[in-house]
Amino acid sequence: QVQLVESGGALVQAGDSLRLSCTASGRTFSSLIMAWFRRPPGKEREFVAAISNKAVTSFYQDSVKGRFTISRDNAKNTAYLQMNNLKPEDTAVYYCAATTWGVPKDQSGYQSWGQGTQVTVSS
């Protein structure tokens, strides 16, 4: 069983940057495909970004391309989401997720989830 713990959420202003971290335990991290999802207020959870186990492949939601970067450090068992030029519409609870197959963009493809970290962007 994989345990995921997110950190780094905060209240920031529009245009600011923030880096989220997700530390995994319970399984060899380099075997995991990692992703970030988010749930904006009053909306469904949505895909943000995903990265393959060796960081060869990554995918992004169109609205964050060019502003967000997903990365990982397999030596630290940690995945990151660097968020630049944040906008009020980025306000959400951000979740880390892990799977061992493919690089899915659908949440049904992920078996392990963190508890979430709140990101609030004020205008």
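The values are calculated or read from the model by the stated rules, or taken from the named source; none is laboratory data. Predicted model only: the values in this text are computed from it and were never measured. We place every Cβ from the backbone using ideal geometry, glycine too, and count neighbours over all the protein chains shown. Note: accessible area is taken over every heavy atom of the protein model, side chains too, but ligands, DNA and RNA are not part of it. Shrake-Rupley method; radii C 1.70, N 1.55, O 1.52, S 1.80 Å.
Remarks
- Rounded percent of accessible protein surface that carbon and sulfur make up, the chain, 1.4 Å probe: 46 percent
- Cleavage-rule hits (trypsin sites (Lys or Arg not before Pro)) in segment 14-49: DSSP loop, at most 11 neighbouring Cβ within 10 angstrom: K43
- Stokes-Einstein diffusion for the chain, with the hydrodynamic radius set to the Kirkwood value over Cα pairs and evaluated at 37 °C in a medium of 0.692 mPa s, equals 233 µm²/s.
- S112 long-range amide H proximity, modeled H, under 5 Å: A98
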